[in-house]
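For reference, the structure is listed below as structure tokens.
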Amino acid sequence: MKDPDKRQAIAILNRIMEAELAGVVRYTHYSLMVYGPHRIPIADWMRANAQEGLMHAQKAGEMVTLLGGHPSLKIGELLETERHDIEDILTESLEHEQAALDLYYDLLKLAESAAQSVLLEEYARQQIAAEEQHLDEVNKMLRKPGDILPFGA
């Protein structure tokens, strides 16, 4: 892989790592702010997402070091909206998951074209599949019973 492509891949991976770490903080916070009769399963689901986000951040960091880069110590944007209704939390989660998915697609485009790295391409594809599943889960949670169309459609 050429040096400019490697630097670009490291930059994207660091942004992924930052976004995933922001997800850890976000989902942990959300899990603490859930109230009501469905608190336990929703809070558990959010804690599981926080754990998965940490694993995704670690994977991105491993890819950074594999390429000879230095993993970021930053955390992605954290926005406190003070809205803690379940639907608001899930809508924010949907936005967060979409932003992470976009970063993985950026990495995939680089891996397929300029970088020509099967390793980066496969890593990006696996993470894209995981993020798309997260988006689907959140989307289904936002739907009203009986709705078959995606949320917001």
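The values are calculated or read from the model by the stated rules, or taken from the named source; none is laboratory data. Predicted model, so just to flag it, every value in this text is computed and none were measured. Note that each Cβ is placed from the backbone with ideal geometry, even for glycine, and that neighbours are counted across all protein chains shown. Only protein heavy atoms, including side chains, enter the accessible area calculation; ligands, DNA and RNA are left aside. Shrake-Rupley method; radii C 1.70, N 1.55, O 1.52, S 1.80 Å.
For the chain, the per residue solvent-accessible surface stands at 56 Å², with DNA, RNA and ligands left out and a 1.4 Å probe.
Full-extension gain between L73 and M55, please, as 0.36 nm times their residue separation minus the C-alpha to C-alpha distance.
Details: separation 18, 0.36 × 18 = 6.48 nm, distance 1.55 nm.
Contour length minus the Cα-Cα distance gives 4.9 nm.
Heavy-atom surface analysis with a 1.4 Å probe gives the stretch 1-65 a carbon and sulfur content of 62 percent of its accessible area. Mean separation of Cα pairs under 8 Å and 6 or more residues apart, divided by the residue count, gives the chain a relative contact order of 28 percent. Measure nothing fancy, just the Cα-based angle from helix 86-112's long axis to the longest principal axis of the chain, in degrees from 0 to 90, nearest 10. That works out to roughly 20 degrees. Applying 1/(1 + (r/R0)^6) with R0 = 25 Å to the Cβ-Cβ distance of E95 and K2 gives a FRET efficiency near 0.15.
Using the Cα atoms as the points, what is the convex hull volume per residue of the chain in Å³?
Working: hull volume 16.7 nm³, N = 153.
Each residue corresponds to 109 Å³ of Cα convex hull volume.
Here's the picture: charge each Lys and Arg Cβ at +1 and each Asp and Glu Cβ at -1 in the stretch 113-153, and of L120, L149, V138 the one pushed furthest to the positive end of that dipole is L149. Heavy-atom accessible area, probed at 1.4 angstrom with all protein chains present, ranks V64, V24 as V24, V64, highest first.
Projected label points at L149 and D88, each 7 Å from Cα along the beta carbon direction, are separated by 2.6 nanometres. Backbone phi angles across the stretch 31-44, fed through the Karplus curve with coefficients 6.51, -1.76 and 1.60 (θ = phi - 60°), yield HN-Hα couplings of 4, 7, 9, 8, 10, x, x, 9, 4, 4, x, 6, 5, 4 Hz in residue order; Gly and Pro are listed as x. Distances over 16 Å make up what percent of all Cα-Cα pairs in the stretch 86-153? So the portion of pairs separated by more than 16 Å is 52 percent. The dipole here belongs to the stretch 4-79: it is taken about the Cα centre, uses +1 on the Cβ of Lys and Arg and -1 on the Cβ of Asp and Glu, and is about 80 debye. Summing Cβ point charges (Lys, Arg +1; Asp, Glu -1) relative to the Cα centre of the chain gives a dipole of roughly 260 debye.
Placing a label point 7 Å from the Cα of Q116 along the Cα-to-Cβ direction, the residues of the stretch 1-37 whose backbone N falls under 19 Å of that point are 1-10.
Share of Cα-Cα pairs in the stretch 1-80 beyond 15 Å, in percent? Can you show the working numbers first?
On the way: 1829 of 3160 pairs.
Of the Cα pairs, 58 percent sit more than 15 Å apart.
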